[in-house]
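**Student:** Here's a structure for you.
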Amino acid sequence: MSLGAHYTPYHPKWYRRRVSVWWWLQTWSYTRFVLRELTSVFVALFAVVLLWHIWALELGPEAYARLLVRLGTPLFVVLHGVAFVFVLFHSITWFNLAPKAMVVRLRGKRMPDWVVVGSNYAAWLVLSLAVAVILLRR
Amino acid sequence: MGRPITPFLWLLFSVGGTVSALLFPVHLFLTGLAIPLGWIDPPRYEALIGLLRHPITRLYLFVIIAFPLVHWAHRFRYTLYDGLQIKHLTALIVVFCYGAALVGSAAAAYLLWNIP
């Protein structure tokens, strides 16, 4: 492939600067953007882990015991630790962007951003506690 | 990807993003870190399978698996375009991303339907 640009009158767009595949590593705000987008990979991986849990439970008590042993191995603890950081990053960026994605109006007045963000965090807290109580009840 | 379906995909993306933002941290922390590291005792098998048999639990699990998978498919698709600049592979990426999300959702539906 030739690197030289073809200059043709009236077709200025034919010249395109080549951008490195790593363009997003040069500026922190771009890096943060790509990391935020990559949180979706960990979201998907954890959805698959949930499927794995359901499968083990369906197979029976022995499979569940094996699952617990497997989850305790250093590999899975480290993977879950990394995934937890990314999933938290997803939650925080998602809640903080909520007022920009969705404008809530009450009696014709736009709700302040902090109300929308705050109610997201409140819902997060309440739902997390509810899940913990239901999952861990004896 | 045809145009009429795009707003629908963005809606699924938002639902999946919200569901996973609200519920994944607690599930991941408990089952992936707190229990394996011994901070909390694991729930007994009987308690969990009892919970799993309840229709609301099954619906809940389907929602927190299927929507987040579509969320990933949609977000990852555009990340691949922008990050790796491979817009010419659109068809392949679309099939891979949404196809994987569809397979995962179907697996969830199958497993949750056939709980003993």
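**Student:** Averaging sequence separations of C-alpha pairs under 8 Å and six or more residues apart, then dividing by the length of chain B, give the relative contact order as a whole percent. Don't skip to the answer; put the middle values down first.
**Tutor:** Working: 79 pairs, mean separation 41.5, N = 116.
Rounded, it is 36 percent for chain B.
**Student:** What does the average come to when, for each residue of peptide B:68-79, you count the partner chain Cβ atoms lying within 10 Å of its Cβ? Display every interim value, and only then the final one.
**Tutor:** Values: counts 7, 6, 2, 7, 10, 2, 1, 9, 6, 1, 2, 8.
Per-residue shielding by partner chains comes out at 5.
**Student:** Considering the options A:Leu135, A:Gly72, A:Val103, tell which one lies farthest towards the positive end of the dipole of chain A, charges being +1 on Lys and Arg and -1 on Asp and Glu at the Cβ, about the Cα centre.
**Tutor:** Value computed over the given set: A:Val103.
**Student:** Might you report the magnitude of the Cβ-based charge dipole of region A:38-136 about its Cα centre, with Lys and Arg at +1 and Asp and Glu at -1, to the nearest 20 debye?
**Tutor:** On the way: 7 positive and 3 negative charges, 117 e Å.
That gives region A:38-136 a dipole magnitude of about 560 debye.
**Student:** Which distance in nm do the two modelled labels at A:Lys100 and B:Leu92 give, with both placed 7 Å along the Cα-to-Cβ direction?
**Tutor:** 3.2 nm
**Student:** In whole Hz, what ³J(HN,Hα) sequence does region A:89-98 give by Karplus (6.51, -1.76, 1.60; θ = phi - 60°), x for Gly and Pro?
**Tutor:** After applying 6.51 cos²θ - 1.76 cosθ + 1.60, I find 4, 4, 4, 5, 5, 5, 5, 5, 8, 3 Hz.
**Student:** Could you pull out which residues in region B:49-83 have an amide N less than 13 Å from a spot 7 Å beyond the Cα of A:Leu68, following the Cα-Cβ vector?
**Tutor:** From region B:49-83, the list is B:49.
**Student:** In whole Hz and in residue order, list the ³J(HN,Hα) couplings for region A:62-74 that follow from phi through the Karplus curve 6.51 cos²θ - 1.76 cosθ + 1.60, θ = phi - 60°; x for Gly and Pro.
**Tutor:** Karplus-based 3J(HN,Hα) across region A:62-74 equals 5, 5, 5, 4, 5, 4, 4, 5, 4, 5, x, 6, x Hz.
**Student:** What is the distance, in nm, between label points placed 7 Å from the Cα along the Cα-to-Cβ direction at B:Asp41 and at A:Phe76?
**Tutor:** Taking the two extended label points, one gets 2.0 nm.
**Student:** Something else: Within 10 Å of each Cβ of B:45-52, how many other protein chain Cβ atoms are there on average?
**Tutor:** Numbers: counts 9, 1, 4, 7, 5, 0, 4, 4.
Rounded to a whole number, the mean comes out at 4.
**Student:** Can you tell me which of A:101-113, B:19-31 comes out highest on packing, and rank the rest after it, using the mean Cβ neighbours within 10 Å? Please list the in-between numbers first.
**Tutor:** Working: A:101-113: 9.9, B:19-31: 22.4.
Sorting A:101-113, B:19-31 by mean packing, highest first, produces B:19-31, A:101-113.
The numbers here are math on the coordinates, done by the rules we state, and not lab data. Being a predicted model, the structure only gives us computed values, none of them experimental. FYI the Cβ positions are ideal-geometry reconstructions off the backbone, even for glycines, and counts take in every protein chain you see.
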